[in-house]
1. What order do you get for 44, 10, 71 when you list them from fewest to most C-beta neighbours inside 10 Å?
2. Given springs between every Cα pair under 10 Å in a Gaussian network model of the chain, which of 64, 201, 181 has the largest fluctuation?
3. Comparing 126, 186, 106, which has the greatest mean-square fluctuation in the GNM of the chain with Cα pairs linked when under 10 Å apart?
4. Tell me the Rg and the Dmax, in Å, that the Cα atoms of the range 21-82 produce.
5. Among 24, 59, 115, determine the one that fluctuates most according to a GNM of the chain built with springs between C-alpha atoms less than 10 Å apart.
6. Round to the nearest 0.05 the FRET efficiency obtained for residue 17 and residue 122 when R0 = 22 Å and r is the Cβ-Cβ distance.
7. For the range 80-125, what does the alpha-carbon gyration tensor say about shape, rounded, prolate or oblate, given a ≥ b ≥ c as the root eigenvalues, a/c under 1.5 as rounded, and a/b over b/c as prolate?
8. Compute the FRET efficiency between residue 27 and residue 99 as 1/(1 + (r/R0)^6), taking r as their Cβ-Cβ distance and R0 = 41 Å, and round to the nearest 0.05.
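The numbers here are math on the coordinates, done by the rules we state, and not lab data. Here the structure is a predicted model, which is why all the values come from computation and not from measurement. All Cβ positions, glycine included, derive from the backbone under ideal geometry; neighbour counts span all protein chains shown.
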């Protein structure tokens, strides 16, 4: 037996408090720092719910007396506990449910956004600077320009595509385009909705198991007291 006390239960309320606190600051370092934490919280929440949800799904599978089945189940649970990033969970979700995560009815339209979130999380988590490179067009009459590099370029392109950014941000402006309030709020809303959509896209016991992972602490405690159907 294992006692589990998920730490992500605290995140939704904490995010709302941070968003309210953020409003007292202008467009300065403090406001950007709060948005930094909101982006990190978004990725953390998604990973935590995915880990808990997949674990719950595995535990609903009927027991097997075959030693190979038991070994495979232990290995899958171990891989779930060690998973990092949306692509790891994409593979594990397929193994656990037989359904491709990125092709779920309510998820596939948000998949690009989830990938952009983790691209941003990865550079922020390691303190990577926003970098850009000079681009010289073939036509000498056209002036040179700068464009973002690496994951920041992917995130910038995604934010323009989904119109969170209404215009390209000049790399020479020294603006932290990825730490704007609209960006942080977009990724939190995307994440919070995604875990709900995943549960709604599943059927039967898998859906029930995954939805348990989305519950708050109070909802989970209430669910345990309800009669099982």
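1. Numbers: 44 17, 10 13, 71 10.
Result, fewest neighbours first: 71, 10, 44.
2. 64
3. 126
4. 19.7, 62
5. Maximum among the listed residues: 24.
6. Details: r = 26 Å, r/R0 = 1.17.
E between residue 17 and residue 122, to the nearest 0.05, is 0.30.
7. oblate
8. Working: r = 43 Å, r/R0 = 1.04.
Once the sixth-power term is evaluated, E becomes 0.45.
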